[in-house]
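What follows is calculated from the coordinates using simple rules that are stated; it is not laboratory data. All of these numbers come straight from a predicted model, not from anything done at the bench. Positions of Cβ are backbone-derived with ideal geometry, glycine not excepted, and every protein chain shown enters the neighbour counts.
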Amino acid sequence: MIRRVWRPAVAAAVGVCAFVGMAAPAPAAPQPPQARAAASGYLNLHQCMYYSSSATNHFSTVVPSSDGRFAAGTNVSGTADSQVSCGAGDGNYQVVPILSGVKALNLASGRYVNIHQCVYYSSSATNHFTTVVPSSDGRFAAGTNVSNTADSQVSCGAGDGNYQLVPILSGVKALDLTSGRYVNLHQCMYYSSSASNHFSTVVPSSDGRFAAGTNVSNTADSQVTCGAGDGNYQLVPILSGVKALAVT
């Protein structure tokens, strides 16, 4: 009699345990931050190259200049832009379509926006210019990307023979999308009156002389942050600018 009572009790207990185990599975482990999308949509980075034939001088913008004369259509959208959007210039400086370009950066594809800034120079023309996305004709590359890896080495093309890469003025900055709501793009324009030559930075140059305050933050920046230059090349505030892009 004892054995007949004991066996059903054990069987019932085992059945209850099995039922409870099936009804309440252990919760899945949370994904590590780098495995989750930090943002969504596209950061459409528009690079607009302007040129003055009278000054034999190029410069590029990725956000509008503070005075509004030199536009660039950089935006965040659910749509990947495929056509670059630039202003017409100011009459003296006009847009150069083959040196302009756009890159749609899929924000869901990684934790970091790696901004690669490539500065090229022609000694025969005494002329610099900067790319952060490849030029439309492909001659002047820049390795800007979105990845789960924070890039620490700038990736640029070699140039076209006449214009060659200047490593100390080039640079890379990894922007961690998990650290804030806004990508604040700071564009700093520098000019040498002795050389009649402009160039812009969006991230600091590798040698640190030409700063730019591009960052990720929960605050939308409204004032551009730049360095003073190196004495020969000095900051031009009206051609500099900042744009806060909401990414989350």
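Annotations
- All-pairs alpha carbon distance profile, the range 147-218, 10 Å steps from 0, percent: 17, 42, 30, 9, 1
- Inter-centroid distance (Cα atoms) of the range 109-184 relative to the range 200-243, Å: 15
- The charge dipole of the range 84-190, taken about its Cα centre with unit charges on the Cβ of Lys, Arg, Asp and Glu (plus for the first two, minus for the last two), comes to roughly 240 debye.
- Close amide-amide hydrogen proximity is noted between Asn57 and Ser52, each under 5 Å apart and 5 or more residues distant or on a separate chain (H modeled in the peptide plane; Pro and chain starts excluded).
- Counted over the range 103-248 with a bin width of 10 Å, the fraction of Cα pairs per bin, in whole percents, is 13, 41, 35, 11, 1.
- Here the 3J(HN,Hα) profile of the range 218-229, calculated from phi with Karplus coefficients 6.51, -1.76 and 1.60 at θ = phi - 60°, is 7, 10, 7, 5, 10, 10, 5, 10, 9, x, 7, x Hz, Gly and Pro shown as x.
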